[in-house]
Amino acid sequence: MSNDTSMGQIIAAVRDLEGVLVLEPRPGDGTPEIAWGDAFFYYAPDGQVPTTGQPYGTVVTKNYPDDVGCDLDRPDRWRVNVHVGRDRLSELVQGRAPEGAVVLDAFLPHPLYGDLGWVCVVNPGASTTGAVLDLLREAHDAARGRAERRRSLG
């Protein structure tokens, strides 16, 4: 993908994964207004939001009340978040951005959930898009594995 990777390109690539459920909250669909315009990725071959667990990846387009460090309220700024696990996070992250700085097109620990193994990229571009897509596929496969284990136990 090019330098000007769009949210739509990332979301479209995830939609192609088998058994994926992509939620894109919009006005009038009963979702909280704060979530409108964002996307949430689940492994859900039945098309229903899983009752256990969280999405394995998200795209966010704005600051949330407790998540303002990436300055997502600026025009044309958005962020992909992927659960990769703590070990993989430390492999991907080259260190934290200087306090108050927002680094684009680079892997960073998620500002709130980095300690839980979430990585993020603000405005993925030439440096990160391929890896972001690979990580989303890996996170999808991991979510599928968890769902299959739960199903075999139940």
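Among 105, 38, which is surrounded by 14 or more Cβ atoms within 10 Å (Cβ to Cβ), under 13 Å from the mean Cα position of the chain (by Cα), under 22 Å from residue 125 (Cβ atoms) and of a type outside the set (A, V, I, L, M, F, W, C)?
One residue alone meets the criteria, 38.
Output the residue which, of all residues in the range 131-154 that are farther than 18 Å from residue 49 by Cβ and either of a type in the set (D, E, K, R) or in contact with an Asp or Glu (Cβ under 9 Å, 6 or more places away or on another chain) (or both), is modelled with the lowest pLDDT.
Only one residue fits best here, namely 149.
In the range 108-122, which residues are out of contact with any Asp or Glu (no Cβ under 8 Å at 6 or more places or on another chain) and either of a type in the set (Val, Ile, Thr) or crowded, with 21+ Cβ neighbours inside 10 Å (or both)?
Hits for the range 108-122 are 108, 110, 118, 119, 120.
Could you identify the single residue in 14, 60 that is touching a residue at least 60 places away in the same chain (Cβ under 8 Å), among the β-branched types (Val, Ile, Thr) and either more than 20 Å from residue 111 (Cβ to Cβ) or surrounded by 13 or more Cβ atoms within 10 Å (Cβ to Cβ) (or both)?
None of the others qualify; the one that does is 14.
Only one of these is surrounded by fewer than 10 Cβ atoms within 10 Å (Cβ to Cβ) and polar (S, T, N, Q): 52, 31, 5. Name it.
52
Starting from residues that are modelled with pLDDT of 95 or more, under 12 Å from residue 120 (Cα atoms) and not polar (S, T, N, Q), keep the ones in the range 63-84 and report whichever is surrounded by the fewest Cβ atoms within 10 Å (Cβ to Cβ).
Going through the qualifying residues, I end up with 78.
Give me a count of the residues in the range 11-50 that are out of contact with any Ser or Thr (no Cβ under 6 Å at 6 or more places or on another chain), under 17 Å from residue 143 (Cβ atoms), at pLDDT 95 or above and among the hydrophobic types (A, V, I, L, M, F, W, C).
Total meeting the criteria: 11.
Residues checked against (1) in contact with a Cys (Cβ under 9 Å, 6 or more places away or on another chain); (2) within 23 Å of residue 23 (Cβ to Cβ):
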| residue | (1), (2) |
| --- | --- |
| 48 | no, yes |
| 57 | no, yes |
| 64 | no, yes |
| 69 | no, no |
| 87 | no, no |
| 90 | no, no |
| 102 | yes, no |
| 139 | no, yes |
| 143 | no, yes |
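Taking into account only those residues within the range 23-42 that are outside any loop (DSSP other than H, G, I, E, B) and in contact with a helix residue (DSSP H, G or I) (Cβ under 9 Å, 6 or more places away or on another chain), which is farthest from residue 118 (Cα to Cα)?
Checking each candidate, the answer is 23.
The values are calculated or read from the model by the stated rules, or taken from the named source; none is laboratory data. Everything numeric in this text was worked out from a predicted model, so none of it was measured. No Cβ is skipped: glycine too gets one built from the backbone with ideal geometry, and neighbour counts run over all protein chains shown.
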